[in-house]
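K.L.:
The structure's right below; bear with me while I get my questions together.
The values are calculated or read from the model by the stated rules, or taken from the named source; none is laboratory data. Please read these numbers as outputs of a predicted model, since none were measured by experiment. Glycine gets a Cβ as well: all are built from the backbone with ideal geometry, and neighbour counts include every protein chain shown.
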């Protein structure tokens, strides 16, 4: 068989395939839901209005007058009109129906903001509510992100980070017991530490100053077991998409027994209610076997400003190897003597040496080096070699 | 504007991407699910996709298909006959398809991806390398090994079919 024959049979094997007729509709509906999950653009109502049945309001077809908006700008009809205008520009892409309802409108240190909702009808006839915020940017009102879709009548606490430094936190708690953690740290074994305090709101919305959240969002918010989403988190994320895989899986050469441990599955190590600005951070998951026959797992847990490095040896108990800044492509873990040193760098080649001796080549972009190794030369693909001490 | 561009991309490219997904997964339904996942991800990031949506789509299609394979582990995959219900006929097309899917399943995931992108999509080596985040040399060696295996499996079947 020639290359052309191979090409021909591949084409023949797939020639009768056609995408489903409703693929685009499914993608758009699914994509909108992803916008909700990923960009976390959501909203809610306010406690004072929660008593008003949400489903009663159906835009212009409503048989009841629109409930008044809460907040110090809730009676400012000119502002409400401008908020609706800003909202309509974005909400229109969702196929919204009727007129948006302003649920809260108020001043913040970063300018006026508003919370709105509007019914949405999907291609299949399904109806949901679109919830979202309007903020002040450059002196003008603009809709935040793309909005969150929730079941008709459902409401959820929601938050917004405003200001040039992202240091103004607006939280709509809907009367739910929302809790805030202003920052986090890690203890000596790499577990997450947070201190929680209740959010006290006025009329269902709290506006407060927090530490600047540029480049790294340290705050976390929760109600019950759910995270409060930050509506404009997606707009704070990097503008480019990483070309590096999000997860680098490797098995070390000569591995015989492999462990399946994963520190991110352990609740004490997870930042369940926190936020990550960069959704494409790379993590390492390396499995192998030590010379003594025990299974080894090395993994990194990346965050916006660095990565925690863990390893498991022969059991599901994680050991903390420290925090590296920034979360890069270089993996380096020195195990207890004489187990060796794990070094990795995506698609690179390595040489190592001990005590100034000759450079010795090794195969693979993740390697378990002898414990005596103290220097590694890393040659990234298409890049210049560099030497690092291990 | 961006919405119209995205719609046009889906309309113009979904058939080709579905074929790639099908050969990567070996399962029509899994391929449709995979394609939908990929397009949904692209919908969310449409304004931020750099370097062309085709290349981006191929890259995440391959990554996700390999990750699916990893999640499955090495459990034996369901026989094609179990998946493709309602295909009792044994027309030439079905024979070819079964043979190709069976042969591709015998390849490691990345080798399979190289073969599919190189020979179904007819991509140059550097674009395949970009999709798999590997070197051109790796693409060439994977393609050569993959083709050898495909020839060994498909050759007798297709020659017999053509006799």
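K.L.:
Go through the stretch B:113-130 and give me each residue that's surrounded by 24 or more Cβ atoms within 10 Å (Cβ to Cβ) and either over 19 Å from residue B:151 (Cα atoms) or away from chain A (no Cβ under 11 Å) (or both).
P.N.:
Of everything in the stretch B:113-130, those that are surrounded by 24 or more Cβ atoms within 10 Å (Cβ to Cβ) and either over 19 Å from residue B:151 (Cα atoms) or away from chain A (no Cβ under 11 Å) (or both) turn out to be B:113, B:114, B:128.
K.L.:
Do you know which residues across the stretch B:23-65 are within 21 Å of residue A:13 (Cα to Cα), touching a residue at least 40 places away in the same chain (Cβ under 8 Å) and within 9 Å of chain A (Cβ to nearest Cβ)?
P.N.:
Residues satisfying the conditions are B:23, B:28.
K.L.:
Also, I was wondering about something else. When the residues of the stretch A:103-127 are filtered to those that are over 28 Å from the mean Cα position of the chain (by Cα) and modelled with pLDDT under 90, which remaining residue is surrounded by the most Cβ atoms within 10 Å (Cβ to Cβ)?
P.N.:
A:123
K.L.:
Let me ask another. Looking at the stretch B:123-151 only, could you name the residues that are more than 25 Å from residue A:345 (Cα to Cα) and part of a helix (DSSP H, G or I)? Spell out the reasoning first.
P.N.:
Going residue by residue through the stretch B:123-151, those that are more than 25 Å from residue A:345 (Cα to Cα) are B:123-124, B:144-151.
Those that are more than 25 Å from residue A:345 (Cα to Cα) and part of a helix (DSSP H, G or I): B:144, B:145, B:146, B:147, B:148, B:149, B:150, B:151.
K.L.:
Scan the stretch B:2-20 and tell me whether some residue there is crowded, with 20+ Cβ neighbours inside 10 Å, closer than 19 Å to residue B:112 by Cα and within 7 Å of chain A (Cβ to nearest Cβ).
P.N.:
Within the stretch B:2-20, one or more residues are crowded, with 20+ Cβ neighbours inside 10 Å, closer than 19 Å to residue B:112 by Cα and within 7 Å of chain A (Cβ to nearest Cβ).
K.L.:
In the stretch A:1-37, how many are more than 7 Å from every other protein chain (Cβ to nearest Cβ), under 17 Å from residue B:41 (Cβ atoms) and either outside any helix (DSSP H, G or I) or modelled with pLDDT of 85 or more (or both)?
P.N.:
The total comes to 0.
K.L.:
Mind listing just one residue for me: the one in the stretch A:303-313 that is free of Cβ contacts under 8 Å to residues at least 40 places away in the same chain and surrounded by fewer than 21 Cβ atoms within 10 Å (Cβ to Cβ) and, of those, nearest to residue A:249 (Cα to Cα)?
P.N.:
Result: A:313.
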